[in-house]
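The values are calculated or read from the model by the stated rules, or taken from the named source; none is laboratory data. Every value quoted in this text rests on a predicted model; they were computed, and no experiment measured them. Cβ atoms come from the backbone with ideal geometry, glycine included; neighbour counts cover every protein chain shown. The area values use the complete protein model at the heavy-atom level, side chains included, leaving out ligands, DNA and RNA. Shrake-Rupley method; radii C 1.70, N 1.55, O 1.52, S 1.80 Å.
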Amino acid sequence: MAEDELAIGTDHEGILVLNGDTPSPSGPVPAPGTPLADVLPIVDDVLELEITPNRPDCLGVYGVAREVHAATGAALAPPPWLDDPGSDGDLAGVDIRVQAPELCPRFTARLFEDVTIAPSPPWLKARLMAAGQRPISNVVDITNYVMLLTAQPLHAFDFARVAGGRLVVRRAGKGRRSRRSTASAGA
């Protein structure tokens with residue numbers, strides 16, 4: 001079976017081969033006859049929620065966990081953003097301008113260098129597929145994964161393509177459409 005037939009990715013090229021190079025969530029490659037769920041990151045349980053417009057905090061996994069904690073008293077882990085590994089201050093060569101602070105009260109940036117675009121690991125593909133997201137690449141997928149966790153939008157830019165190293169957050173000009181909708185219009 002291919003990745004898409006197992007609902008752990010979108011690749012339909014050939015058959016997914018389990019061999020000595022196939023990583024397993026439980027350690028070394030298991031012996032023949034081992035249940036597939038012990039070898040591949042198959043997500044069995046998916047919780048579907050209908051979130052009302054007044055609860056955008058529950059659009060992320062952590063917001064839902066916080067609600068479960070409030071309702072049941074169950075343990076709640078600290079938020080994943082509590083320990084921020086970044087550094088304070090400006091990034092050299094990066095110019096961030098927020099011209100619509102009422103729409104974007106906080107904008108943070110990190111610069112990662114020597115990143116290789118590649119397929120995501122199987123566990124990440126499986127989690128995204130379970131959440132209704134199509135895996136694309138390691139960089140896009142991790143931003144989507146973090147967005148699903150935190151309910152905060154996240155985007156990755158290829159810094160080499162950011163004109164002048166400047167990111168501007170603003171309202172669209174009168175009569176202008178976003179680049180995304182412009183690109184979609186021709187599709």
Revision key, fill the gap. Within segment 114-179, DSSP-loop trypsin sites (Lys or Arg not before Pro) with at most 12 other C-beta atoms within 10 Å are Arg170, Arg171, Lys174, Arg176, Arg177
Study note, to complete from the structure: Around Phe159 (Cβ within 14 Å, Cβ-to-Cβ, excluding Phe159; K/R +1, D/E -1) the net charge comes to -1
Practice item. Hand me the chymotrypsin sites (Phe, Trp or Tyr not before Pro) from segment 85-155 located in a DSSP loop with no more than 13 other Cβ atoms within 10 Å, in residue order please. Key: Phe107, Phe112
Revision key, fill the gap. Within segment 78-110, DSSP-loop trypsin sites (Lys or Arg not before Pro) with at most 10 other C-beta atoms within 10 Å are Arg106
Review point. Rolling a 1.4 angstrom probe over the protein heavy atoms, how many square angstrom per residue are accessible across segment 115-160?
Key: 61 Å²
Revision key, fill the gap. Extension length gain for Gln152 and Ser87 (0.36 nm per residue less Cα distance), in nm, is 21.4 nm
